[in-house]
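Undergrad: I have a structure here, written as structure tokens, and I will follow up with some questions on it.
The values are calculated or read from the model by the stated rules, or taken from the named source; none is laboratory data. Being a predicted model, the structure only gives us computed values, none of them experimental. Note that each Cβ is placed from the backbone with ideal geometry, even for glycine, and that neighbours are counted across all protein chains shown.
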Amino acid sequence: MSSPDRAPLAAPRLVRIALALSLAGALAGCFQPMYASGTTAAGPKLQEKLGDIQIVKIDGELGNDLRNDLIFDLTGGAGNPQNAPYKMYITVKSTSTYAIVNTSSGLPEAKVVRVSGDWTLVKVGEENKPPAKGSAAASASLDVSQERFANYSATRDAEKRAAGTLAEMIKAQLAAYFVKQQAGS
């Protein structure tokens, strides 16, 4: 075939590409990231709403790790706000299971640590009717050693990693709650 036969095929392809690029350009301003610095539809910035949550003490070493991670994630490192309009209560627990067991020796080789948390967000002064509740879980894996202290240390490290992931998940759930609340009002 000669090149004049190809010319009619190239023009529609260029038109489609130009149309796709123009549509992409037109729609580029329609989307706003959830953590954008601009205001949300109903008012204050989402980050300010998240920073107005006081995290109440969580029992245990793992609870303290989760609380610290969550405070940092919500406030950006500004610390736990005092006299905040919202308080968050969290219960946390950790479980572990052996994922891989050596069939010849019968000894475990890998373990999975699962950290789960149930949270309740309450408005100060309205503790009887919590506006939001939720739960989240995260897991982390570790290699099992024959040394007892190494296993304990690796398990604590896995719990800390899972607590950090859990804090990010709770933050995302809270952000979704506030965005939904502002869209509905």
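Undergrad: Picking from Lys93, Lys111, which residue would you name as being assigned to a strand (DSSP E or B) and buried (at least 18 other Cβ atoms within 10 Å of the Cβ)?
TA: On the way: Lys93 fails: buried (at least 18 other Cβ atoms within 10 Å of the Cβ).
Within the list Lys93, Lys111, the selection yields Lys111.
Undergrad: A further question follows. If I go through the range 114-129 residue by residue, how many of them are more than 16 Å from Gln173 (Cα to Cα) and assigned to a strand (DSSP E or B)?
TA: First, pick out the residues of the range 114-129 that are more than 16 Å from Gln173 (Cα to Cα): 114-115, 123-129.
Now narrow it down to the ones that are assigned to a strand (DSSP E or B): 114-115, 123.
Residues flagged as more than 16 Å from Gln173 (Cα to Cα) and assigned to a strand (DSSP E or B) within the range 114-129 amount to 3.
Undergrad: Got at least one residue in the range 156-177 being in contact with a helix residue (DSSP H, G or I) (Cβ under 9 Å, 6 or more places away or on another chain) and part of a loop (DSSP other than H, G, I, E, B)?
TA: No, the range 156-177 contains no residue that is in contact with a helix residue (DSSP H, G or I) (Cβ under 9 Å, 6 or more places away or on another chain) and part of a loop (DSSP other than H, G, I, E, B).
Undergrad: Can you confirm whether Val144 is surrounded by 18 or more Cβ atoms within 10 Å (Cβ to Cβ) and over 22 Å from Ser94 (Cα atoms)?
TA: no
Undergrad: Taking the residues in the range 63-83 that are among the aliphatic types (A, V, I, L, M) and buried (at least 17 other Cβ atoms within 10 Å of the Cβ) as candidates, determine which candidate is farthest from Glu48 (Cα to Cα).
TA: Leu66
Undergrad: Can you give me the number of residues within the range 20-64 that are at pLDDT 90 or above, out of contact with any strand residue (DSSP E or B) (no Cβ under 9 Å at 6 or more places or on another chain) and acidic (Asp, Glu)?
TA: The total comes to 1.
Undergrad: Could you check the range 98-121 and list, in sequence order, the residues that are more than 27 Å from Arg156 (Cα to Cα) and within 20 Å of the chain's Cα centre (by Cα)?
TA: We begin by selecting, within the range 98-121, every residue more than 27 Å from Arg156 (Cα to Cα); these are 104, 121.
Of everything in the range 98-121, just one residue is more than 27 Å from Arg156 (Cα to Cα) and within 20 Å of the chain's Cα centre (by Cα), namely Leu121.
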